[in-house]
Every structure is written in structure tokens, then in C-alpha cells.
Amino acid sequence: MPYVTATDGVELFYEEAGSGTPVIFAHEFGGDYRHCEPQMRFFSRSHRCIAFNARGYPPSGVPEDPDMYSQNSARDDVLAILNGLDIDKAHINGLSMGGFASLHFGFEYPDRALSLVVAGCGYGAKSDHKEQFVRETTEVADRIENETMAVFGKVYALGPTRVQFQNKDPRGWQEFEQQICEHSSIGSANTMRGVQRKRPSLYDLEDKMHALKVPTLVINGDEDDPCLDAGLYMKRNIVSSALVLLPRTGHLCNLEEPILYNQICGDFMQRVESGRWEMRDPRSMTTAIISTPGM
């Protein structure tokens with residue numbers, strides 16, 4: 001099995017296919033590298049595609065120390081993939097937990113990112129929801145430990161932003177449920193406590209968003225309620241960004257609507273690679289409704 005080693009010694013499993021400009025896919029909490037398969041199959045026709053498992057997700061290493069899981073480690077594990085595969089720059093495409101990793105990678109290592117896809121990003125982002133988010137992530141981590149992922153995974157797969165996938169594609173959703181139940185209980189609980197629960201609110205990162213010039217595509221499902229306001233917030237504060245909403249879609253947008261997702265991301269990457277992705281026109285950034293003040 002192919003691995004790269006993170007800076008703290010954790011081994012990260014990856015798969016790759018295709019050749020050309022590199023694209024790194026980072027999965028969500030409930031997913032793993034297998035959930036990037038619709039993108040790997042499509043984009044490997046034109047790009048070098050790499051999907052990897054985050055720490056805590058076998059066959060990647062599963063540290064037992066909860067302190068080895070954090071937003072910074074998730075971000076730096078993306079860098080470890082690039083360094084381990086001798087990749088100078090890549091498109092970074094992440095969903096949810098992977099979307100946070102993609103965004104933070106752009107903040108910290110902008111010279112290593114050709115572009116960022118930040119999909120399904122926003123859970124627990126609002127400061128006034130912080131206590132609720134901490135409470136719920138703690139409860140989930142405790143249940144994972146007590147019940148195991150083999151049991152709790154069935155509950156998680158039926159969350160309010162995942163039933164859309166079940167309704168659209170029962171066969172695909174059943175595969176998703178089966179795979180999440182195979183995840184490590186220790187790794188999932190530690191990820192929930194360290195990466196999810198302790199990550200900073202997006203609303204505390206406005207200065208970093210203002211400074212971000214890496215081409216950025218924000219994608220949300222329009223029924224992924226916890227992410228909608230955060231997506232608008234990122235669009236308004238990242239001048240290099242575009243925002244796309246997929247209709248009647250929940251959290252698992254790349255699996256629910258793989259054709260739409262691939263089309264949107266493919267157009268985005270093509271424009272970036274051809275040098276046709278511009279910053280937002282400053283004339284559009286005004287509180288005026290009809291005309292520019294002073295006209």
C-alpha cells in the first residue's frame with residue numbers, strides 16, 4: 001500500500017490515478033478516500049488525481065493520543081501528501097472536514113495551492129452556536145467510543161443533511177452507510193474531539209479571508225443548512241472566490257450530484273489553469289443597490 005509520512009510520523013494512505021496537473025481530494029468526517037471515487041474516475045482522464053485518508057482513518061495511521069488530532073494537523077497532512085509525492089503545487093479539493101483543511105491550507109500555504117475547492121464547509125462556524133457545537137461533538141465522540149462506529153455509523157448516516165442522498169440514490173447511500181460503519185472507533189472519536197470540536201470559527205478568520213488570493217470555489221448543497229450562511233460569508237470576504245449552490249442537495253454534494261460537481265469543478269480548474277480566474281471587481285463590492293455612490 002502507498003503511504004507518505006506526516007511530520008509527526010503518522011502514515012497517510014493514498015491512491016492516485018491519471019497524469020497531468022495534480023488534484024488532491026480531502027474527504028469529510030463521515031467519508032474516506034473511497035468517497036472521492038466519482039471525482040477520481042472523472043478527473044484522472046486529464047489530471048493526476050490523489051485521494052488520501054486522513055489520520056484516524058485506516059489504512060492511514062490511527063494515533064491513540066487525542067492531542068495528535070487538530071485542524072492544524074489536518075491542514076499539514078495535505079502538505080505532507082504534496083511533499084511526499086514531490087508535488088510543487090496542486091488543486092486542493094475538500095468536502096466538509098476536508099473543505100476546512102483545503103481552506104486552511106490556502107491560508108497557510110498559498111504558494112502551494114493552484115486553487116481551492118471548499119465544499120460543505122461551515123458546521124459549527126457561527127460563534128453563537130459554539131456551545132451547541134461543542135456539546136454535540138462531545139456527545140458524538142462519546143457515543144462513537146461507547147457504541148463503536150459499527151453501530152453509531154448507522155445513526156450518523158441518517159443525519160438531516162444526509163437523507164437527501166438516501167432519497168436520491170438509495171444504493172449509493174447504502175454503500176456510504178456500510179463504509180462509515182467500517183471506520184475506526186478510536187480514530188473517529190479522536191477526530192471528532194480534536195479536528196472538529198476544537199477548530200476555530202470561520203467567523204474569526206475574516207482577516208485571513210481578506211488576504212486570500214488563491215482561486216477559491218465554495219460549493220454547498222441548498223439543503224445543507226449549517227453551511228449556507230458560512231458559504232455566503234466566505235463569498236463576501238474572499239475576493240478570489242465564487243459560490244455555487246446545488247439544488248435540492250444536502251451535505252454529500254460530490255456523491256449526490258457527481259455530474260454537476262465534476263462539471264463545476266472541471267470548469268473552475270480549466271479557468272484557473274488558463275489564467276482566466278480573476279479577482280472580484282471592486283466596483284461590485286458596495287452597499288449601494290442601484291448605482292455607485294456619488295454617481
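The values are calculated or read from the model by the stated rules, or taken from the named source; none is laboratory data. What you are looking at is a predicted structure, and each value in this text was computed from that prediction instead of being measured. For neighbour counting, all protein chains shown are included, and Cβ atoms are generated from backbone atoms with ideal geometry for every residue, glycine included.
Just the residues that are basic (Lys, Arg) and in contact (Cβ under 8 Å) with a residue 12 or more places away in the chain, please, taken from the range 232-263.
Our first condition is that a residue be basic (Lys, Arg); within the range 232-263, this holds for 235-236, 248.
Passing the criteria: 235, 248.
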Among helices (runs of 4 or more DSSP H) entirely within the range 159-224, at least 2 residues that are in contact (Cβ under 8 Å) with a residue 24 or more places away in the chain, over 16 Å from the mean Cα position of the chain (by Cα) and buried (at least 18 other Cβ atoms within 10 Å of the Cβ) occur in 163-168, 170-180, 185-191
Before we move on, is residue 214 within 17 Å of residue 92 (Cβ to Cβ) and in contact with a Pro (Cβ under 7 Å, 6 or more places away or on another chain)?
yes
Scanning the range 47-82 residue by residue, those within 25 Å of residue 269 (Cβ to Cβ), more than 15 Å from the chain's Cα centre (by Cα) and touching a residue at least 40 places away in the same chain (Cβ under 8 Å) turn out to be 47, 80, 81, 82
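Would you confirm, using the coordinates I've provided, whether residue 73 is touching an Asp or Glu at 6+ places or on another chain (Cβ under 9 Å), surrounded by 17 or more Cβ atoms within 10 Å (Cβ to Cβ) and more than 19 Å from residue 35 (Cα to Cα)? Spell out how you get there, then give the answer.
Working: touching an Asp or Glu at 6+ places or on another chain (Cβ under 9 Å): yes; surrounded by 17 or more Cβ atoms within 10 Å (Cβ to Cβ): yes; more than 19 Å from residue 35 (Cα to Cα): yes.
When the stated conditions are applied, residue 73 passes them.
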field: Filter result for residue 101 (of a type outside the set (Asp, Glu), surrounded by 18 or more Cβ atoms within 10 Å (Cβ to Cβ), closer than 17 Å to residue 266 by Cα and at pLDDT 95 or above)
entry: no
Among residues of the range 1-43 being of a type in the set (S, T, N, Q) and more than 30 Å from residue 159 (Cβ to Cβ), the residue modelled with the lowest pLDDT is 7
Within the range 263-295, of all residues that are farther than 16 Å from residue 214 by Cβ and in contact with a Lys or Arg (Cβ under 9 Å, 6 or more places away or on another chain), the one modelled with the highest pLDDT is 270
Within the range 39-53, residues being under 16 Å from residue 252 (Cβ atoms) and surrounded by fewer than 17 Cβ atoms within 10 Å (Cβ to Cβ) number 0
Exercise. Has the range 22-38 got any residue that is surrounded by fewer than 21 Cβ atoms within 10 Å (Cβ to Cβ) and under 24 Å from residue 109 (Cα atoms)?
Worked result: no
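Only one residue in 232, 243, 228, 260 is surrounded by fewer than 20 Cβ atoms within 10 Å (Cβ to Cβ) and part of a strand (DSSP E or B). Which one?
Working: 232 fails: part of a strand (DSSP E or B); 228 fails: part of a strand (DSSP E or B); 260 fails: part of a strand (DSSP E or B).
Just one listed residue meets the conditions, 243.
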Of the residues in the range 239-259, those that are at negative phi and over 17 Å from the mean Cα position of the chain (by Cα) number 4
